[in-house]
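Chemist: Quick one: structure below, then a few questions.
Every number here is computed from the coordinates shown, using simple stated rules; none is lab data. Note that the structure is predicted; figures quoted are calculated from it, not measured. All Cβ positions, even for glycine, are placed from backbone atoms using ideal geometry, and neighbour counts span all protein chains on display.
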Amino acid sequence: MNLNVVAADLQAKDEIVSLDVRDKESVNAVFESSMPEVVVHLAAINDNNPNFDRPYDLYVNNIHGTLNICEAATRFGVRKIVFPSSTSIYGNVHAEDLPISEMTRTQPLTPYATSKVCEEMLVRDYARRTNTKALVLRFSIIYGPEQKHVNVIEQFMQKAINGNPIELLGDGSHTREFLYVEDAIDALVAGTNTSDLPYDTFLISTGKPIKLRELAEKISLMIDHVPIQNTRPEQIFSQQYDVSRALTKLNWKPRVSLDDGLSLMLEWVRGLN
């Protein structure tokens with residue numbers, strides 16, 4: 001539940017402080033000592049499993065933590081909060097309603113996604129009532145070396161490396177979009193540099209969906225041509241995102257292709273085995 005510090009190009013003078021974002025006094029103390037101009041609020045329990053067995057802890061950590069960040073930002077004159085949200089807030093979207101945009105109705109299906117909807121509302125409310133601006137970035141599936149949570153890319157790679165068939169739910173015709181971690185970081189940086197609208201929301205993804213069967217075939221070709229097999233048939237909803245607003249208004253675009261990202265990811269996964 002403690003704040004995980006995620007940073008690139010740390011300098012010797014940069015200070016890392018580990019704290020619990022639920023502790024209002026600790027959060028205030030850090031804001032008072034550093035007086036930040038912009039805050040990128042990444043602290044969260046980010047397990048999107050629908051069967052997550054500690055929903056109370058997740059809600060308290062994520063929502064209470066965000067409330068403390070917003071309060072401290074207001075109290076100490078922060079100019080802007082950049083808040084990473086998630087496309088999981090959209091839930092299951094029918095094919096006729098794709099692609100998903102910022103205006104698509106949210107229907108969260110997990111405690112994590114529900115917490116993100118609540119946090120977005122908190123951030124928006126503070127931006128409306130105070131002088132602190134806010135920018136919400138709704139990320140699709142982020143992947144890359146050092147990831148902490150296993151996603152479908154790592155699942156497929158681990159199966160193949162261990163000589164097991166890659167298993168697909170359903171027929172594999174459903175689509176997903178995958179964003180390489182460096183492109184996600186670039187979006188956060190772009191968010192800190194945008195003109196200060198009082199509040200705005202952007203979808204951050206590639207806009208290039210891939211069928212899960214095609215993803216499995218790519219990974220199979222990379223690792224000894226392991227077989228691909230279907231498991232139980234079930235309806236799985238596709239995902240596809242309209243990222244046109246981010247491309248035009250954020251001065252951002254993804255740079256790492258899926259093929260290049262998979263190669264970098266595979267190098268890391270091999271090192272785990």
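Chemist: Rounded to the nearest 20 debye, what is the charge dipole size of region 1-139 about its Cα centre when +1 sits on each Lys and Arg Cβ and -1 on each Asp and Glu Cβ? Could you put the intermediate results ahead of the total?
Modeler: Details: 14 positive and 18 negative charges, 92 e Å.
Result for region 1-139 is approximately 440 debye, rounded to the nearest 20.
Chemist: Oh, and also: How about region 70-103: which GluC sites (Glu not before Pro) there lie in a loop by DSSP and see at most 16 other Cβ atoms within 10 Å?
Modeler: Those that pass, being in a loop and sparsely packed, are GLU102.
Chemist: Going by amide H atoms built from the backbone, whose H comes under 5 Å of the H on SER86, apart from near neighbours?
Modeler: Under 5 Å from the amide H of SER86 lie the amide H atoms of PHE139, each far enough along the sequence or on another chain.
Chemist: Determine the calculated [θ] at 222 nm for the chain from helices alone, applying -39500 (n - 2.57) to every DSSP H run no shorter than 4 residues and normalising by the residue count; nearest 500 deg cm²/dmol. List each step's numbers first, then the result.
Modeler: Working: 9 runs with 101 residues, N = 273.
Counting only the DSSP helices, I get -11500 deg cm²/dmol.
Chemist: Given the options ASN131, PRO111, CYS70, identify the residue whose Cα lies farthest towards the positive end of the charge dipole of region 69-162 (+1 on Cβ of Lys, Arg; -1 on Cβ of Asp, Glu).
Modeler: Towards the positive end, the residue furthest out is ASN131.
Chemist: Percent relative contact order of region 63-153, based on C-alpha pairs within less than 8 angstrom and at least six residues apart?
Modeler: Result for region 63-153 is 42 percent.
Chemist: While we're here: Which whole-number percent gives the relative contact order of the chain, counting Cα pairs below 8 Å spaced six or more residues apart?
Modeler: 20
Chemist: Still on this structure, please answer the following. Can you list the residues, at least 5 places off or on another chain, whose amide H is less than 5 Å from the amide H of ILE45, using H built in the peptide plane?
Modeler: Here ASN62 satisfy the definition.
Chemist: Something else now. Report the label-to-label distance for ASP53 and GLN158 in nanometres (one decimal), using points 7 Å from each Cα along the Cα→Cβ vector.
Modeler: Placing both labels 7 Å beyond Cα along the Cβ direction yields 1.7 nm.
Chemist: List the equivalent ellipsoid semi-axes of the chain in whole Å, largest first, each obtained as the square root of 5λ for an eigenvalue λ of the Cα gyration tensor.
Modeler: In descending order, the three semi-axes are 34, 20, 18 Å.
Chemist: Right, another one. Using alpha carbons only, how many degrees (0 to 90, rounded to 10) separate the axis of helix 65-75 from the longest principal axis of the chain?
Modeler: Long axis of 65-75 versus the principal axis of the chain: about 30 degrees.
Chemist: Can you list the HN-Hα couplings for region 129-134, worked out from phi with the Karplus curve (6.51, -1.76, 1.60; θ = phi - 60°), rounded to whole Hz and with x for Gly and Pro?
Modeler: 9, 10, 8, 8, 7, 8
Chemist: On to the next question. Can you give me the long-range amide H partners of LYS133? Hydrogens built in the peptide plane at 1.01 Å from N, cutoff under 5 Å, separation of 5 or more residues or another chain.
Modeler: LYS80, ILE81
Chemist: Suppose the chain between ASN28 and GLU146 were pulled fully straight at 0.36 nm per residue; how much longer would it get relative to their current alpha carbon spacing?
Modeler: Difference between extended and current length: 39.5 nm.
Chemist: So, one more: Could you give the angle, 0 to 90 degrees to the nearest 10, between helix 181-193's Cα long axis and the longest principal axis of the Cα atoms of the chain?
Modeler: 30
Chemist: Under a Cβ-only charge scheme (Lys and Arg +1, Asp and Glu -1), can you give me the dipole magnitude of the chain about the Cα centre, in debye to the nearest 20?
Modeler: Details: 27 positive and 36 negative charges, 109 e Å.
Dipole magnitude for the chain comes out near 520 debye.
Chemist: Also, quick follow-up: With axes computed from alpha carbons, what is the tilt in degrees of helix 24-34 against the longest principal axis of the chain, rounded to the nearest 10 within 0 to 90?
Modeler: 80
Chemist: In whole Hz, what ³J(HN,Hα) sequence does region 83-89 give by Karplus (6.51, -1.76, 1.60; θ = phi - 60°), x for Gly and Pro?
Modeler: Values per residue, Gly and Pro as x: 10, x, 10, 8, 6, 5, 5 Hz.
Chemist: Let me ask something additional. Across region 263-268, in residue order, what do the Karplus-derived ³J(HN,Hα) couplings come to in whole Hz, using 6.51 cos²θ - 1.76 cosθ + 1.60 with θ = phi - 60° and x for Gly and Pro?
Modeler: Couplings: 5, 5, 5, 5, 4, 5 Hz.
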